[in-house]
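Peer 1: Let me begin by handing over the structure; questions about it come next.
The values are calculated or read from the model by the stated rules, or taken from the named source; none is laboratory data. Only a predicted model underlies this, so the values are computations on that prediction, with no experimental measurement involved. All Cβ positions, even for glycine, are placed from backbone atoms using ideal geometry, and neighbour counts span all protein chains on display. In case anyone asks, the SASA skips ligands and DNA or RNA and just uses the protein heavy atoms, side chains included. Shrake-Rupley method; radii C 1.70, N 1.55, O 1.52, S 1.80 Å.
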Amino acid sequence: KRHSDNKGDYYQPETFGSMEMAFFVDIENNMQVAMVSNENARDYLHNHENEKYIQKLSFMTFANRHSDFRSIRGFQVNGDDMEPNFFHGDWVFGVRKRVFNRFSLGKIYIIVLDNEIVVRRVMAFDEENGTITVSMDNYAYPDYTISLEKVFEIWKFETALKSRFPMPSSKLNN
């Protein structure tokens, strides 16, 4: 459960101001990023603060040329609700948000709730009520509101590893 510090800033009291195992840097200065697959997403919901569990996840190696030490994690996309930009099985990588008091509207976030992990665009932030309105890129799905009290973690989308790309809106003639 999330808590507020009387200013409407929601945060995770167990990890706020501490370093969690979101990644590590090896001896060659490569960043090893923890990957949350669809198969282990349910376990992650219950163990996202357990360092021993995180160490058992798969890790992907990235060159860390700029000594980037932000908390980064990879999550696998589940379902078709973010098509045509992300497809089922794609990987999205996000930077951990520590405080839930500001959002870049229209931008993509990975949101870890008490019962699922979702990839959504934040379209509105109601600071007074502590809610965000989210949208999916697949227009078959309606926008909806999420209470920040139900959010465990939020990761701001940084990049993706895609398995396929959307078709162009019109066929290309060669």
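Peer 1: Please name which of I146, T159, M123 has its Cα lying farthest along the dipole of the stretch 121-160 towards the positive end, using unit charges on Cβ (Lys, Arg +1; Asp, Glu -1) and the Cα centre as origin.
Peer 2: It is T159.
Peer 1: May I ask you to give the solvent-accessible area per residue for the stretch 59-147, in square angstrom, as obtained with a 1.4 angstrom probe?
Peer 2: Values: 4330 Å² over 89 residues.
Computed with neighbouring chains in place, this is 49 Å² per residue.
Peer 1: Then there's this: Dividing the convex hull volume of the alpha carbon atoms of the stretch 54-132 by its residue count, what do you get in Å³ per residue? Please report the intermediate quantities before stating the final value.
Peer 2: On the way: hull volume 11.4 nm³, N = 79.
Given the Cα convex hull of the stretch 54-132, per-residue volume reads 144 Å³.
Peer 1: Shifting gears a bit: FRET efficiency for T131 and N50, Cβ-Cβ distance as r, R0 = 41 Å, nearest 0.05?
Peer 2: On the way: r = 28 Å, r/R0 = 0.69.
In this case the efficiency is close to 0.90.
Peer 1: Taking the Cα-to-Cβ direction at S163 and at E149 and moving 7 Å from each Cα, how far apart do the two end points lie in nm?
Peer 2: The answer from the label model is 3.8 nm.
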